[in-house]
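*Asks:* Shown below is the structure under consideration.
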Amino acid sequence: MRSRWVALPLAVLLGMLGAHNFYLGNWDYGGLQLVFTLLAVAGVPWIGLFVLAWVVVEIVLIVIGHEGYDGSGEGERLACV
């Protein structure tokens, strides 16, 4: 069972790289965040602002245990412990 208390620090510290999404099994979102962050580093700064806003929203969704962020891609629920 995946823990939201592992996903949360991953989102805060490495969220722009999609680490929390990879941990939760959301490979598509994690890959998009990683690609968009690399594009921002390569010289398209407005994409970086978009990814930052995206990560902030996902942090809130992890904290409140929203359906899409309460477990892995296989439908497991996150443990609160």
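*Asks:* Which residue pairs have Cβ atoms under 8 Å apart, sit 6 or more places apart or on different chains, and have a first residue in region 38-64 that is free of Cβ contacts under 8 Å to residues at least 60 places away in the same chain and a second that is small (Gly, Ala, Ser) and loosely packed, with under 13 Cβ neighbours inside 10 Å?
*Replies:* Partner pairs satisfying both residue conditions: Leu61/Gly68.
*Asks:* Would you pick out the residues in region 1-36 that are touching a residue at least 24 places away in the same chain (Cβ under 8 Å) and assigned to a loop (DSSP other than H, G, I, E, B)?
*Replies:* Within region 1-36, Met1, Arg2, Gly25, Asn26 qualify.
*Asks:* Quick check on my filter: what residues within region 21-36 are among the aliphatic types (A, V, I, L, M) and surrounded by 17 or more Cβ atoms within 10 Å (Cβ to Cβ)?
*Replies:* Once the filter is applied, which keeps residues that are among the aliphatic types (A, V, I, L, M) and surrounded by 17 or more Cβ atoms within 10 Å (Cβ to Cβ), region 21-36 yields Leu24, Leu34.
*Asks:* Okay, next question. Which of the residues that make up region 3-20 are under 19 Å from Glu67 (Cα atoms) and open to solvent by 70 Å² or more (accessible area, probe 1.4 Å)?
*Replies:* Trp5
*Asks:* Would you check which residues across region 37-63 are assigned to a helix (DSSP H, G or I) and open to solvent by 60 Å² or more (accessible area, probe 1.4 Å) and list them?
*Replies:* Listed by number, the residues that qualify are Leu38, Leu39, Val41, Pro45, Trp46, Leu49, Phe50, Leu52, Val56, Val57, Val60, Val63.
The values are calculated or read from the model by the stated rules, or taken from the named source; none is laboratory data. Quick caveat, the model's predicted, so the values are computed rather than measured. Note that we place each Cβ from the backbone using ideal geometry, even for glycine, and neighbour counts take in every protein chain shown. The area values use the complete protein model at the heavy-atom level, side chains included, leaving out ligands, DNA and RNA. Shrake-Rupley method; radii C 1.70, N 1.55, O 1.52, S 1.80 Å.
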